[in-house]
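The block underneath contains the structure these notes are about, expressed in structure tokens.
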Amino acid sequence: MAATVSGFHEGAVAEGTWRDLVARAATPDGRADALLAWRHAEEQDYVSPERVSGYLHTALTQLTAAPDAPHHARGLLSADETHTLLEEFAGPVRELPDRRFHELFEERVRRHPDAVAAVRGDRRWTYRELNVRANRIAWSLHHRGLRPEDVVAVVTERTLEWLAAVIGVLKAGGCYLPLEPSFPADRIATVLARSGSRWVLAERGVPHLDAALAGRPGVERAFLDDVLAEDRPEDDPALPVAADQLAYIYFTSGSTGEPKGAMCEHAGFLNHLYAKIEDLGMAEGEVVAQTAPQCFDISLWQLVSALLVGGRTHIVEQEAVLDVHRFLDTLDSGGIQVAQLVPSYLEVVLSALAERPRPLPRLRCVSATGEALKRELVQRWFDVLPSVLLVNAYGLTETSDDTNHEVMDRVPAGRSVPLGRAVRNVRVYVVDERLALVPLGVPGEIVFSGVCVGRGYINDEARTKAAFGSDPYRPGERLYRSGDFGRWLPGGTLEFLGRRDAQVKVNGFRIEIGEIENRLLQVPGVRDGAVVVAGPAERPYLAGFHTGGDAVTAGDLRTALAAVLPGYMVPQRLYRLDALPLTANGKTDRKALTRLAAEAERTAGADAFEAPATDTERRVAALWADLLRVPPERIGRGSRFTELGGTSLTAIKLAVALDRVVSVGELAHTPTVAEVAALLERKTAERGT
């Protein structure tokens, strides 16, 4: 079918321009498909017909007034819509106190010195005890010659001493840089070199630290237990620290394989803490769970936000995180009121509560972050815990962590879960490649401005220049280009559409992976989903993966996707998994999915393998089949857990199913059925002796 615009004469505009005004559409099945597409279009609630009419009028006016002008340089937005996007969709303006986090913490110490500030296991410190230790660390660094913004690497497990070290570094005017003790020597050395760190605060027994420091004679290492035992003052150092001084650096993976260190300042750090307190409704005395690994930026607000409201930080031991029932025990016994989890772990928690229902009377609010939060998961959450708020949090390391919060006390009305509104003192724009604002509901790149935007990547001018710049709408403010795509929904909430680098080309067609994934997630019964490009370079194809019930077949998915996507965007292969594989930071592991697709292709026709030989092997194979939703006949003695779709989360379920005879850590080193069976027999025998 074709549509033309009346009221214009062809001679009024350039010939090429006129052809662009003609919209053509074709469907293979004629009227039925056209009606389906039209009904789907009617469901779109992002842009009103009046607004579209206004855009069309503006475009046609520009075309007829200057047909040969470069129209890409002229926007479609009215003054009113520009004001809405720039001002009304910005976060609320709140005045920040002219003090740093550690100074506000010191004020809390003076107000209630004997209140419990932090707990880990059976250890607990009061505000006074924590402050004394942090002061000793700060004075030690100061007397050793630490200068403002000197980078201090802290290499510890998630302990109370870690908390004291973080606060001590900030009190001394230094810049906190976390490193995990399990990191290999090369990784530690690379981060130290790129950050220019001359100081390392470490716990004893870090396995690769000596090797990492061997080639860096200018780096001074101090053991935390020695520092805490030094004869140092216990009063607050009161060293001057400016709002625009560096507070911390977190290293993230780079597309080139070289890590990049995002630098954030005290003002952005403090603003994010207050955004969490404000939007999560954190009251006086709140108990906050600290669960995230120390090298991920979300660990920081989990660690210290409670200290600004006279509350308590509960550092949850890693062993408890890996055992979901023990984690639930900790939430209950610790009186935890606020927690943050990745959606994949949220699903494990809900499965555990379905298996063994229990009340969590103190839990008040859970924040979900790190990956897309699915509407079906939100529905399940409120079915199980209707009185517990769920917050969809979105942000990036480069923007002082989260910039958007969608606070929910019920399932959202739309098809997807929005990213929410901008938090306090943060500006979020959706723009085109020239940083021009795009209309409401139109996809574009998500960029950020305001106090949240960090200083760039340390000692990395090229990548800083590529991602950071100046705000064209607020002269003098920094701008960060996220590489994420999204669009504004009515009311000023943001919808995530995928990554810029998720755009691929298959069989000559340029495809945005995020668009396919969004459609996949809208299919009833699909809980989670991801799409990757698989196959050899000369014959690439799209492979889709989803989680959910057995009722959703590959045929159902193809039919549903074909109704809303062009044929070339419907994945050729569709696989069901119990859970999507995750990276170390809890995000979907797309490389693992690509390998899984290749393995599925290789083994699709295989019929020769070694069957499980013992009762224990058969028990393990049966559990794998149940957990991974894999036909039992496909599981042999040499089958590997991850290649069948196993993840860290299904490994937790496997450990529980094996009555916790073996740990998740042990399962990681026994990838095959035969190896798991041998481990299980050995551990069972040890228990019996």
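Do we find a residue being crowded, with 19+ Cβ neighbours inside 10 Å, aliphatic (A, V, I, L, M) and touching a Phe, Trp or Tyr at 6+ places or on another chain (Cβ under 6 Å) anywhere in the stretch 369-391?
The answer is yes; a qualifying residue exists.
Which one of these does THR313 not meet: (1) in contact (Cβ under 8 Å) with a residue 12 or more places away in the chain; (2) part of a loop (DSSP other than H, G, I, E, B)?
(2)
Hey, ALA267 hits all of (1) small (Gly, Ala, Ser); (2) under 25 Å from ALA320 (Cβ atoms); (3) over 20 Å from the mean Cα position of the chain (by Cα); (4) in a helix (DSSP H, G or I) but one; which does it fall short on?
All conditions pass for ALA267, except number (2).
Given the conditions (1) in a loop (DSSP other than H, G, I, E, B); (2) out of contact with any Gly (no Cβ under 6 Å at 6 or more places or on another chain); (3) of a type outside the set (Ser, Thr, Tyr); (4) touching a residue at least 24 places away in the same chain (Cβ under 8 Å), and given that CYS452 satisfies all but one, which numbered condition is not satisfied?
Every condition holds for CYS452 apart from (2).
Before we move on, is ALA138 crowded, with 19+ Cβ neighbours inside 10 Å, closer than 19 Å to PRO293 by Cβ and at pLDDT 95 or above?
no
Which of (1) touching a helix residue (DSSP H, G or I) at 6+ places or on another chain (Cβ under 8 Å); (2) part of a strand (DSSP E or B); (3) hydrophobic (A, V, I, L, M, F, W, C); (4) at pLDDT 95 or above does PHE251 not meet, given it meets every other one?
(4)
Restricting to the stretch 660-689, what's the tally of residues that are modelled with pLDDT under 80 and more than 31 Å from the chain's Cα centre (by Cα)? Even if it seems obvious, please write down each step before you answer.
Here is the first cut: in the stretch 660-689, the residues modelled with pLDDT under 80 are 660, 665, 668-671, 687-689.
Imposing the further condition that a residue be more than 31 Å from the chain's Cα centre (by Cα) reduces the set to 687-689.
The total comes to 3.
Considering the stretch 203-223 alone, what residues qualify as being in a loop (DSSP other than H, G, I, E, B), within 32 Å of the chain's Cα centre (by Cα) and of a type in the set (Gly, Ala, Ser)?
The one that is in a loop (DSSP other than H, G, I, E, B), within 32 Å of the chain's Cα centre (by Cα) and of a type in the set (Gly, Ala, Ser): GLY205.
Looking for whichever is basic (Lys, Arg) and in contact with a Ser or Thr (Cβ under 9 Å, 6 or more places away or on another chain) here; the options are ARG110, ARG120, ARG94, ARG128. Which one fits?
ARG120
State whether the residues of the stretch 372-379 include one that is on the phi < 0 side of the Ramachandran plot and in a strand (DSSP E or B).
no
Which of the residues that make up the stretch 331-347 are over 14 Å from ALA579 (Cβ atoms) and either surrounded by fewer than 21 Cβ atoms within 10 Å (Cβ to Cβ) or charged (D, E, K, R) (or both)?
ASP332, SER333, GLY334, GLY335
Of everything in the stretch 413-447 that's outside any strand (DSSP E or B) and at positive phi, which residue is surrounded by the most Cβ atoms within 10 Å (Cβ to Cβ)?
In this case the residue turns out to be ASN425.
If I ask for residues that are more than 22 Å from TRP488 (Cα to Cα) and of a type in the set (A, V, I, L, M), which ones from the stretch 66-106 would you list?
Within the stretch 66-106, ALA66, ALA69, LEU96, LEU104 meet the criteria.
Does the stretch 326-349 contain at least one residue that is out of contact with any helix residue (DSSP H, G or I) (no Cβ under 8 Å at 6 or more places or on another chain) and among the acidic types (Asp, Glu)?
yes
Look at VAL241 and say whether it is under 21 Å from TYR176 (Cα atoms), of a type in the set (A, V, I, L, M) and modelled with pLDDT of 95 or more.
Working: under 21 Å from TYR176 (Cα atoms): yes; of a type in the set (A, V, I, L, M): yes; modelled with pLDDT of 95 or more: yes.
Spelling it out, VAL241 is indeed under 21 Å from TYR176 (Cα atoms), of a type in the set (A, V, I, L, M) and modelled with pLDDT of 95 or more.
Here are PRO148, PRO178: which of them is within 25 Å of ALA242 (Cβ to Cβ), at pLDDT 95 or above, of a type outside the set (A, V, I, L, M) and surrounded by fewer than 21 Cβ atoms within 10 Å (Cβ to Cβ)?
Of the residues listed, the single one that is within 25 Å of ALA242 (Cβ to Cβ), at pLDDT 95 or above, of a type outside the set (A, V, I, L, M) and surrounded by fewer than 21 Cβ atoms within 10 Å (Cβ to Cβ) is PRO148.
Among the residues of the stretch 271-310, how many are over 20 Å from the mean Cα position of the chain (by Cα) and either crowded, with 23+ Cβ neighbours inside 10 Å or outside any helix (DSSP H, G or I) (or both)?
Within the stretch 271-310, residues that are over 20 Å from the mean Cα position of the chain (by Cα) and either crowded, with 23+ Cβ neighbours inside 10 Å or outside any helix (DSSP H, G or I) (or both) number 11.
Please work out if ASP607 is modelled with pLDDT under 80 and either loosely packed, with under 15 Cβ neighbours inside 10 Å or under 18 Å from THR547 (Cβ atoms) (or both).
So ASP607 fits the description; yes.
Using beta carbons and a limit of 6 Å, which pairs, at least six apart or on different chains, have the first residue in the stretch 652-671 and hydroxyl-bearing (Ser, Thr, Tyr) and the second one in a helix (DSSP H, G or I)?
Listed pairs, sorted by first residue: THR670/VAL676; THR670/LEU679.
This table checks each residue for (1) assigned to a helix (DSSP H, G or I); (2) of a type in the set (Ser, Thr, Tyr); (3) surrounded by 13 or more Cβ atoms within 10 Å (Cβ to Cβ).
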| residue | (1), (2), (3) |
| --- | --- |
| LEU76 | no, no, yes |
| THR82 | yes, yes, yes |
| LEU86 | yes, no, yes |
| PRO92 | no, no, no |
| HIS102 | yes, no, yes |
| ALA117 | no, no, yes |
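Need the failing condition index for PHE223 against (1) touching a Cys at 6+ places or on another chain (Cβ under 9 Å); (2) aromatic (Phe, Trp, Tyr); (3) surrounded by fewer than 18 Cβ atoms within 10 Å (Cβ to Cβ), just the number.
(1)
Sort out which residues of the stretch 274-283 are under 16 Å from PHE101 (Cα atoms) and touching an Asp or Glu at 6+ places or on another chain (Cβ under 9 Å), and write them in order of number. So that I can check it myself, show each step before the final result.
Keep residues of the stretch 274-283 that are under 16 Å from PHE101 (Cα atoms), which gives 274-278.
Of everything in the stretch 274-283, those that are under 16 Å from PHE101 (Cα atoms) and touching an Asp or Glu at 6+ places or on another chain (Cβ under 9 Å) turn out to be ALA275, LYS276, ILE277.
For ASP383, indicate whether it is closer than 24 Å to ALA579 by Cα, outside any loop (DSSP other than H, G, I, E, B) and at pLDDT 95 or above.
yes
If you check ARG147, ARG158, ARG124, which single one turns out to be part of a loop (DSSP other than H, G, I, E, B) and either closer than 25 Å to VAL309 by Cβ or not assigned by TED's automatic domain parsing to the domain that holds LEU104 (or both)?
On inspection, the qualifying residue turns out to be ARG158.
The values are calculated or read from the model by the stated rules, or taken from the named source; none is laboratory data. Remember, it's a predicted structure, so these values are computed and weren't measured experimentally. Methodologically, a virtual Cβ is constructed for each residue, glycine included, from the backbone with ideal geometry; neighbour enumeration extends over all protein chains shown.
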